[in-house]
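One structure is given here, and the rest of the page talks about it.
The values are calculated or read from the model by the stated rules, or taken from the named source; none is laboratory data. Note that the structure is predicted; figures quoted are calculated from it, not measured. So basically every Cβ, Gly included, is an ideal-geometry build from the backbone, and we count neighbours across all protein chains shown.
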Amino acid sequence: MIKKTLLVAAVAAGVVVAAAFAGGCAKTVPPPPKDVVQGEFDGAPKWVTQGCGAFWGEKKGEKKICGVGSMGGSRNMSLVRTTAVARGRTEIARSLNTSVQAMVKDYQATTTGGQNFGTAASDEQHVEDVAKQITDMSLSGTELTDSWISPNGTFYALVVLNVDEFKGMVAKMQNLNDAVRQAVIQRADKAFDDLDANIAKQRESKQ
């Protein structure tokens, strides 16, 4: 009888230990990895995914181009903000440089009476140099217009360049040929419209 009682007690104790062990193991099981993309754009302003077309759509007549930069994965918010803004400016610079080259080539082709301008190496170098000068100068007129932090902690920056600011910067560039400078200023309005449209298309194609 005593042996039977001891056996029952031992079995009961073993069940309790096993249950406790199982409970302890359950608490140490790591949670499934979080999908950082899921919910990334929940509550995001439209410019985060659609660019300037969404941001300025309600303000007719305002010609601006923008770049959207982002950075996450760091607790240093100063670094995150600076990097996101820099990436937004880089996006503007890339598109603006291409646009200015097109404007200069268009002007040169018109004044020389032919469409072959830009085929010679010296012509191409001249166009690239002018475009780089104008782009570098114009970027000083960009400004951080809006920002947003996603649920996953990514900082998004909307950097904007106003067409009037751009014209003012180009007008101050006395080292440029006056005719080229005026040609770029005169073509700026249409160029900004085209730039905004192209940037929006590029961003949509990446989504």
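Just to verify a result, which residue in the stretch 54-87, among those that are buried (at least 19 other Cβ atoms within 10 Å of the Cβ) and more than 12 Å from the chain's Cα centre (by Cα), is modelled with the highest pLDDT?
Residue satisfying both the conditions and the ranking: 80.
Can you tell me which condition residue 90 does not meet? The list is (1) under 23 Å from residue 173 (Cα atoms); (2) modelled with pLDDT under 90; (3) among the β-branched types (Val, Ile, Thr); (4) surrounded by 13 or more Cβ atoms within 10 Å (Cβ to Cβ), and all the others hold.
(2)
Tell me, which residue of the stretch 144-193 that is closer than 30 Å to residue 109 by Cα and aromatic (Phe, Trp, Tyr) is surrounded by the fewest Cβ atoms within 10 Å (Cβ to Cβ)?
Let us first name the residues in the stretch 144-193 that are closer than 30 Å to residue 109 by Cα, namely 161-193.
Narrowing further to those that are aromatic (Phe, Trp, Tyr): 166, 192.
Details: 166: 28, 192: 23.
Only one residue fits best here, namely 192.
In the stretch 107-125, which residues are at pLDDT 85 or above and either surrounded by 16 or more Cβ atoms within 10 Å (Cβ to Cβ) or among the aliphatic types (A, V, I, L, M) (or both)?
107
Kindly provide the set of residues from the stretch 174-193 that are in a helix (DSSP H, G or I), more than 12 Å from residue 163 (Cα to Cα) and touching a residue at least 24 places away in the same chain (Cβ under 8 Å), ordered by number.
Passing the criteria: 179, 180, 183.
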